[in-house]
Amino acid sequence: MIDLYYWTTPNGHKITMFLEESGLAYSIKPINISKGEQFEPEFLKIAPNNRIPAIVDHEPVGGGGPLSVFESGAILLYLADKTKKFIPQDLRGRNECLQWLFWQMGGLGPMAGQNHHFVQYAPQQLPYAIDRYVKETSRLYGVLNKRLSDGRDYICGEYSIADMAAYPWVVPHEKQRQDLKLFPALEGWFIRVKSRAATNKAYELARSINVVPTVDEKAKAILFGQDAKTVR
């Protein structure tokens, strides 16, 4: 059994997508980040960066006690290695998949996240910041579009954790001020991932947990007002 500490964010969706695809038994432990539940001591023992998602595997490979993992990319890799699913098992294929996983973790996620902040949540509209992150999001969409333009269905050929990592960050493309019609290969990939049964189950679960997603001023103070004092 996997305990998944989760909220309805792109990084959270990555893990429910994997769990639904793989068929691993799991239990959701909702962590409402808009209410500050990510700062609870019990959660911080599992996720010291006070961010979702995190997991506890009660039956890790090799035995021993429960094993906790935080950071969405690390969780995807852990689960892929545990199940030997959704990551190539040969050296070259595995490294290719890991490169695209890290591309999402170091590029698409952070840049799209800053896009979301300055376009949707910043108290003042800052044209320089908006232009910077909208353009960088567009560049990264272009990188992925080029990758998919050789006729492959998925980022690494077969469906993998690279796709599960990237897809949730493309779902809010309209809020990111991106037009998928300008990226035809990416758009085709997006439709293929969206049509998968496990993807639909993962997003249905999200809608059942966070029925009316809202980020009010109190939530903004929690989400965007953190500094070093937060972790002391």
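Derivation of every value follows stated rules applied to the coordinates shown; laboratory data play no part. As the structure is a computational prediction, the values presented were derived from the model and not from experiment. Ideal geometry is used to build each Cβ from the backbone, glycine not excepted, and the neighbour counts take in all protein chains shown.
Please list, in order along the stretch 35-43, the HN-Hα scalar couplings obtained from phi with the Karplus expression 6.51 cos²θ - 1.76 cosθ + 1.60 (θ = phi - 60°), rounded to whole Hz, x for Gly and Pro.
Taking θ as phi minus 60°, the curve returns 9, x, 5, 6, 9, 5, x, 5, 5 Hz for the stretch 35-43.
So what's the stretch 2-85 giving for Cα Rg divided by 2.2 N^0.38 Å, two decimals?
Normalised Rg, Cα atoms only: 1.02.
Based on alpha-carbon centroids, what's the gap between the stretch 149-185 and the stretch 34-87 in Å, whole number please?
Taking the Cα centre of each part, the stretch 149-185 and the stretch 34-87 sit 25 Å apart.
7 Å from Cα along Cα→Cβ at both Asp216 and Tyr128: what's the point-to-point distance in nm?
3.4
Using helices alone, I'd like the mean residue ellipticity at 222 nm for the chain: each DSSP H run of four-plus residues gives -39500 (n - 2.57), total over residue count, nearest 500.
Helices in the chain give a 222 nm mean residue ellipticity of -15500 deg cm²/dmol.
For the stretch 171-217, what number results from the quotient of the Cα radius of gyration and 2.2 N^0.38 Å? Intermediate values should be presented prior to the final figure.
On the way: Rg = 13.5 Å, N = 47, 2.2 N^0.38 = 9.5 Å.
That works out to 1.42 for the stretch 171-217.
Please list 3J(HN,Hα) in residue order for the stretch 51-60, calculated via the Karplus relation 6.51 cos²θ - 1.76 cosθ + 1.60 where θ = phi - 60°; whole Hz, with x for glycine and proline.
Going residue by residue, I get 9, 8, x, 8, 9, 10, 9, 7, 9, x Hz, with x marking Gly and Pro.
To the nearest 20 debye, what is the magnitude of the charge dipole of the chain about its Cα centre, counting +1 on the Cβ of each Lys and Arg and -1 on the Cβ of each Asp and Glu?
Here the chain has a charge dipole of around 360 debye.
Any chance you could get the radius of gyration and Dmax over the Cα atoms of the stretch 91-195, in Å?
14.0, 48
Quick one: which of Lys14/Lys181; Lys35/Lys201; Lys175/Lys229; Lys14/Lys82; Lys45/Lys194 span more than 28 angstrom between C-alpha atoms?
Lys175/Lys229; Lys45/Lys194
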